[in-house]
Every structure is written in structure tokens, then in C-alpha cells.
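A quick write-up on the structure given underneath.
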Amino acid sequence: MDKIVIHGGERLEGEVCVSGSKNAALPILVSSLLTDGWNTFHNIPDLVDVRTIKKLLKSFGAEVEEGEPLRINAGKIGSCEASYDLVKTMRASILVLGPLVARMGMARVSLPGGCAIGARPVNIHIKALEALGAKINLKDGYIEAKASRLKGATVYFDIPTVTGTENIMMAACLAKGTTLLENSAREPEIMNLAEVLNDMGAKISGAGTDVIRIEGVDSLHPVEATVIPDRIEAGTFMIAVGMTGGDVKIKGCEPGHLDALIAKLRDTGMDITIIDGGIRVVSKGKIKSVDIKTLPYPGFPTDLQAQMMAFMAVGNGLSVITETVFENRFMHVSELMRMGADIVIEGNNAIVKGNPKLRGAQVMATDLRASASLILAGLVAEGTTELSRVYHIDRGYQKIEEKLTSLGANIRRVKG
Ligand code: EPU
């Protein structure tokens, strides 16, 4: 298995370009299931999770033409089953449930099961689909859903679930009548998906607010669409600059999607300016510790919590990091502690006592964002850090070691 080897201590400097957003690309590629004909998608990142969703779409009979742009034709759907083998490797596979029922009248999708960051049930997706009139049967580890035609309804999400909102928003596009999604998630990825669906002929308003209104239509048509930049990748680079005392222009990102992080990084003492086509991030040296609480958008993203913890581990004070979105997203703590971080977990709080000196160590990635945090720690640690299980990082960061190398980091992948 591949490893990433980092010799810490290099200051990051220069310019880096952000790739397309993983969490926007996944539902947008899935939305092609609602159309008959060739869709053209720009700015799709080359990531393992994107390859998995393409595999899933192909397993239904969709044609995929690789390249930039990526083209998908889901005109002929032969199978409506998402197998355990594919769903277990990527929970976002659940996104096909709503679109398949809406277009084909049926779907059989494996229940995802738990994962490294929490139990992550899909009960809210299922309940919402039932509210739209689908008959759901949970059998042999699979969700079986049927509906001759979904019917618009008012759905209240108990928790503002991101993929749940996307799933039901896609399903409701082809339902008969009007659907109201209350307490919807407000992430930019949802707005990106809604724009794409509207270009396909859907009638969605309110995406980006907590009430989304969808007037059902009889059919949707293929589109040409572009995926937004990855705000989590951009944020990861911004934090890396803060940790390494650097000065970097992060190009191609959308500053408006990063308000919560920008505010926090400014509180740590960093200088952040919006420039033409991106953000310039400059570290001012001494890192002031700050407290973080993860929340649904526009709050501080849980997908940057692990990276921020690595940052606070080298801060100059005490930081309390509270995780409210997932119940078990502190798997990186014990690995950061192997590098000398001083962290105590109390319930859903991590109390991080800053210590500007971390030491390189052999560490293991436990999930995607945990691996990013360990790479960041390795960039500033004294000596060599060797990160194993790097397949986690390949799920969500395109060419991360190449991008960091171009900024001056001493990082390489060792094939194994
Ligand atoms: N939840 C339920 N029941 C449900 C759905 C969600 O209890 O039916 C709970 C979850 O267990 C969690 C909370 O609601 O505690 C919020 O989860 P959400 O459904 O919003 O998460 P998700 O849609 O499964 C997406 C991203 C995650 C990101 C979260 C939160 C995609 C493909 N995934 O997951 O991204 O952490 O939203 O922002 O969009 C990542 O990229 O590393 C990643 C994990």
C-alpha cells in the first residue's frame, strides 16, 4: 500500500489551484439519472469517490465518456440496484435512491452501515421518501423503494442532512405536485445541485435557505454544467499556510463559501485578503489559539475540524474544539498525539493545549479529513512523518502531494 512521507519544516509559498468540489460533483453526477441523453459536466475532480459513483452509474446501465468535460448518458437504465460492494466503499451512494425511484419507479440500494466518523444512519432519507409516497421495505440489508409516481409533500428534516436534502430534492423534481423541504441543509453544494437541476428543467426555489420549494415536472433534459470549487480543499491549504508560516495565493476558490474559516483564521492572527480569482493567505508567525464548534453550513464545517485541530496543536494557548455534527469524529486525535500533540477528549469536546513543537512519527489515516490533518501536522513536525492508509486521502484530495510540493513542501508518495 502507498505511503506519504513528509519531512517537516518547509514554509509554504506560491500559488495553488483548487479542484472541483467532491461533495458537489457526487450528487451532480447522480442527477444525470433523472435525464435521458448526454449530460456534460465540467470541473469534475479526479478522485476515488468520483470513480466509485461513475462505477455505480455504469452498473445501472449509464454510459460514461471520460475526460474533461465528463459526459454521462443515463438514457438506458437496466438495473436499479446499488450493491453492497459499492455502497460499503462510499456512503454517498445512497444519493441514487431518490433519483432512481423518481425516474424508474423503483430502487434497491444497500443500507450503508456505520463508518469511521459515526453511525450515520439514513433514516431521514427514508422517512422523507415515504412522505413523497414511496413504499419502503428494508430487507436483507437493502432498502427497497417503489412508487408508480412520487407525490409532492411537505417534509421536515429532523436534522439538516446534506445528502438527505440532495436525495429528496432530486426525487421531488419528478414528483407530481409541490414539495416543501423544511429544515433543509444550506451547503453551497446543495445550491450547485439545485442550479444544475433547474438547468435540466426542474422548478426549485430556495436552495441555500432552510426551506426549499420544488414544483414537480414530468421530465428533465440533459445539461451542460460546472461543479463549484472544493471549499474543503481550499480550507485545508489555508490552514496549511497558517501552520507553516507561509504566504500562498489560493486560486479558483470561492471566498464566499469560506466565511466561517476565514473569520477563525483571522482570529488566529493570519492575514487573509480576497484577491482576483481567489484568496491570499499570509501567516504572521505566532499562532493565537481559538475555539471551534462545528455546525451545519454556514457554521464551521465538520470537514475542516480535524485540520483545524492539527493547527491548534501547534498554537500558543488552549483551544476547545467541539464537534456537533458527527458523534465520533475524533479518530485523528490519538494519531496527532503520537506526534506530540497535547489533546484531551471530553465527550464531544477536544481540549487542545498548543505546543509549537510536533515530532514526525509513523501515523495511520482513519478517514479522509483525518488523513489531511496528519499531513498538515507532518508539514510542521520536526523530522519525518510517514502516513499509511493513504487511500483515504485519495478519496477527496486530487494530487495533494503534488500541490503541496509545488508550494515548497517536502512530501512524496512512496508506492507500495
Ligand atoms: N443523520 C441522521 N440520519 C440521516 C441522515 C443524517 O441521523 O438519515 C445525521 C448524521 O449521522 C450526522 C448528521 O445527521 O450526524 C449530519 O449528516 P449529513 O447527512 O449532513 O451528512 P452526509 O450527507 O452523510 C455530507 C458530506 C460529508 C460531510 C457532511 C456534513 C457528502 C457526500 N458528504 O455527508 O462529507 O461531513 O455532509 O457536512 O456530501 C467528507 O467529505 O469528508 C464528508 C464526510
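The values are calculated or read from the model by the stated rules, or taken from the named source; none is laboratory data. Bear in mind that the values here come from a model prediction, so they are computed numbers and not experimental data. Please note: Cβ atoms are built from the backbone with ideal geometry, for glycine as well, and neighbour counts cover all protein chains shown. To get the accessible areas, we keep the full protein, side chains included, count just its heavy atoms, and leave off ligands, DNA and RNA. Shrake-Rupley method; radii C 1.70, N 1.55, O 1.52, S 1.80 Å.
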Looking only at region 22-49, and only at residues there that are closer than 30 Å to Val282 by Cβ and touching a strand residue (DSSP E or B) at 6+ places or on another chain (Cβ under 6 Å), the one that is least open to solvent (accessible area, probe 1.4 Å): Pro45
Residue within region 52-72 that is touching a Ser or Thr at 6+ places or on another chain (Cβ under 8 Å), more than 16 Å from the ligand (Cβ to nearest atom), in a helix (DSSP H, G or I) and open to solvent by less than 70 Å² (accessible area, probe 1.4 Å) present: yes
Test: residue in region 292-310 that is away from the ligand (no atom under 15 Å from the Cβ) and surrounded by fewer than 24 Cβ atoms within 10 Å (Cβ to Cβ): no
Matching entry among Gly408, Gly354, Gly396, Gly416 (being of a type outside the set (S, T, N, Q) and in contact with a Pro (Cβ under 9 Å, 6 or more places away or on another chain)): Gly396
Residue list for region 1-20, filter: open to solvent by 60 Å² or more (accessible area, probe 1.4 Å) and in a strand (DSSP E or B): Lys3, His7, Glu13, Glu15, Cys17
Sole exception among (1) over 18 Å from Phe157 (Cα atoms); (2) charged (D, E, K, R); (3) free of Cβ contacts under 8 Å to residues at least 60 places away in the same chain for Glu130, by number: (1)
All positions within region 272-291 that are open to solvent by less than 50 Å² (accessible area, probe 1.4 Å) and over 26 Å from Gly317 (Cα atoms): Ile275, Gly277, Gly278, Ile279
Some residue of region 312-321 being part of a strand (DSSP E or B) and small (Gly, Ala, Ser): yes
All positions within region 198-226 that are surrounded by 16 or more Cβ atoms within 10 Å (Cβ to Cβ), within 16 Å of the ligand (Cβ to nearest atom) and not in a strand (DSSP E or B): Gly208
Near pairs, Cβ below 9 angstrom, 6+ apart or cross-chain, from region 38-50 (closer than 14 Å to Glu189 by Cβ) to any residue that is open to solvent by less than 50 Å² (accessible area, probe 1.4 Å) and among the aromatic types (Phe, Trp, Tyr): Pro45/Tyr397
Checklist (1) within 30 Å of Arg280 (Cβ to Cβ); (2) more than 15 Å from the ligand (Cβ to nearest atom); (3) not aliphatic (A, V, I, L, M) applied to Arg231, failing item: (2)
Unique match (being out of contact with any strand residue (DSSP E or B) (no Cβ under 8 Å at 6 or more places or on another chain), of a type in the set (A, V, I, L, M, F, W, C) and open to solvent by 40 Å² or more (accessible area, probe 1.4 Å)) among Met337, Met364, Met331: Met331
Unmet requirement for Gly242, which otherwise passes all of (1) buried (at least 22 other Cβ atoms within 10 Å of the Cβ); (2) within 16 Å of the ligand (Cβ to nearest atom): (2)
Members of region 34-47 that are in contact with a Gly (Cβ under 9 Å, 6 or more places away or on another chain), farther than 17 Å from His392 by Cα and not in a strand (DSSP E or B): Asp36, Gly37, Asn43, Ile44
Qualifying residue in region 258-271 (condition: in contact (Cβ under 8 Å) with a residue 40 or more places away in the chain, on the phi > 0 side of the Ramachandran plot and surrounded by fewer than 24 Cβ atoms within 10 Å (Cβ to Cβ)): no
Among residues of region 369-402, those that are within 24 Å of Ser319 (Cα to Cα) and open to solvent by 20 Å² or more (accessible area, probe 1.4 Å), counted: 2
Region 149-182 - residue that is polar (S, T, N, Q) and open to solvent by less than 40 Å² (accessible area, probe 1.4 Å) and, of those, farthest from the ligand (Cβ to nearest atom): Thr179
Extreme residue, modelled with the highest pLDDT, among residues of region 89-148 that are in a strand (DSSP E or B) and loosely packed, with under 15 Cβ neighbours inside 10 Å: Lys135
Check on Glu195, acidic (Asp, Glu), within 15 Å of the ligand (Cβ to nearest atom), part of a helix (DSSP H, G or I) and in contact with a strand residue (DSSP E or B) (Cβ under 9 Å, 6 or more places away or on another chain): no
